[in-house]
Amino acid sequence: SVTVQTNVTITSNASGTANEKEEESSEASTRNSKSVGPPFEGRNQMLQQRTPHRGIEQNNSTEVNDLVLSGVGLTSQMKIDLQNKLGFILHAIAAAHPRVGYCQGMDYVVAHLLRVLQETVLWKAARGTLPAPKTYSGQRDAYGIRTDGRYENDLLVVPVDQNSSKGIGARNHSLIVEETVFRVMDSFLTTYSLKHMYWPELRCLKTCCRVFERIIQLKLPVLADHFDHHELNVGLFALGWFQTLFLYLPSMPSATVCHMWDIWLVERSFKIFFRVGTAILFLSQPVLLNHELEGMMTYLNTFPDATLLNPEILIACALQIKITNRMLTDIEMEVTGTTTRIESKKHYGVSPR
């Protein structure tokens, strides 16, 4: 299993392989042009007011909520509870990262973290083994929000009482889950460079799709010609894959997602997502080559035969596909027209940090 810097184990029965070290570079990003998020009452009213310029608007689409919060064995009440937690965490993320804000796709990632982590967090909290969050020595209002307008690297909920003998285990269970998932998502965005997927105008996400299209041409030339013949734009399906880290596929097993995320966290590179995407197309190639545009899009959006998405098949296939960090950087330079590796990394962030 892999543990991020928050000291909370993300997955339970998955493993990844570490690869070569890559240079790290930090980016300066600007605000997204719009932000729409799910509704939440009460606590996040203050969070909404403190999100610069564009407070998260309410999204009353139950279809979107049902899709994001879908899961085997979830009752209606469980979905309502998850939706409330999801809303609060997304507002907190938008307030903590005002230059990134909220972007579609974050809700899928946070919802998956809630489903995977909730029971583990509560169990650790009950035993008193959950790491205490960072605290803030300045002033907070009644909602636990900093009053100095600065949010970086700090939780947006009331801090734990360090003098309590039970520590974090004595706190409200709902807040414990929310703040822990917030910390994990915050680590994803910063330490693991996920923020680049949600940059203004989705520049990095679009670059990912162009890089992926080129990889298909190199690794699956027959399928690439078939796509070109039927004028299938790779971005029509790949954008949703990358923006949600493959959670957009309704038939994608949670175990498969956790396994590929483990590899991502170990390698600190988006390389695994390109390998998984290529593996999906490789395994689907016999079906796709027998369909025209409409049939291919229907298949890629539904995957009626979900067997190929099982981790024993998909991840094993993905790890056999050679895609190196240097290869990603070179392709990124090619599709973006940048002239140096440093310039490519500086402006787009598709290549590993």
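Overview of values
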item: Lone unmet requirement of (1) modelled with pLDDT of 95 or more; (2) out of contact with any Phe, Trp or Tyr (no Cβ under 8 Å at 6 or more places or on another chain); (3) surrounded by fewer than 21 Cβ atoms within 10 Å (Cβ to Cβ); (4) over 30 Å from Gly128 (Cα atoms) for Ala255; result: (4)
item: Cβ-Cβ under 8 Å pairs, at least 6 apart or on other chains, the stretch 198-221 side at pLDDT below 90, far side outside any helix (DSSP H, G or I) and acidic (Asp, Glu); result: none
item: Those helices (runs of 4 or more DSSP H) lying entirely in the stretch 230-340 with at least 2 residues under 22 Å from His196 (Cβ atoms) and not assigned by TED's automatic domain parsing to the domain that holds Ser187; result: 235-243, 254-267, 271-288, 325-336
item: Members of the stretch 300-338 found to be of a type in the set (A, V, I, L, M) and within 14 Å of Leu218 (Cβ to Cβ), listed by number; result: Ile321, Ile323, Met327, Leu328, Ile331, Val335
item: Qualifying positions in the stretch 184-194 - part of a helix (DSSP H, G or I) and surrounded by fewer than 19 Cβ atoms within 10 Å (Cβ to Cβ); result: Ser187, Thr190
item: Single match in Ile321, Ile313, Ile272 (criterion: modelled with pLDDT of 95 or more and touching a Phe, Trp or Tyr at 6+ places or on another chain (Cβ under 6 Å)); result: Ile272
item: Selection status of Tyr108, at pLDDT 50 or above, touching a strand residue (DSSP E or B) at 6+ places or on another chain (Cβ under 8 Å), within 29 Å of Pro253 (Cβ to Cβ) and crowded, with 17+ Cβ neighbours inside 10 Å; result: no
item: Residue match in the stretch 223-246 (condition: of a type in the set (Ser, Thr, Tyr) and surrounded by fewer than 19 Cβ atoms within 10 Å (Cβ to Cβ)); result: no
item: Selection status of Ser193, among the small types (Gly, Ala, Ser) and at pLDDT 70 or above; result: yes
item: Some residue of the stretch 271-288 being over 15 Å from the mean Cα position of the chain (by Cα) and over 25 Å from Ile331 (Cβ atoms); result: yes
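The values are calculated or read from the model by the stated rules, or taken from the named source; none is laboratory data. Note that this is a predicted model, so its numbers are computed, not measured. Glycine also receives a Cβ, built like all others from the backbone with ideal geometry; neighbour counts cover every protein chain displayed.
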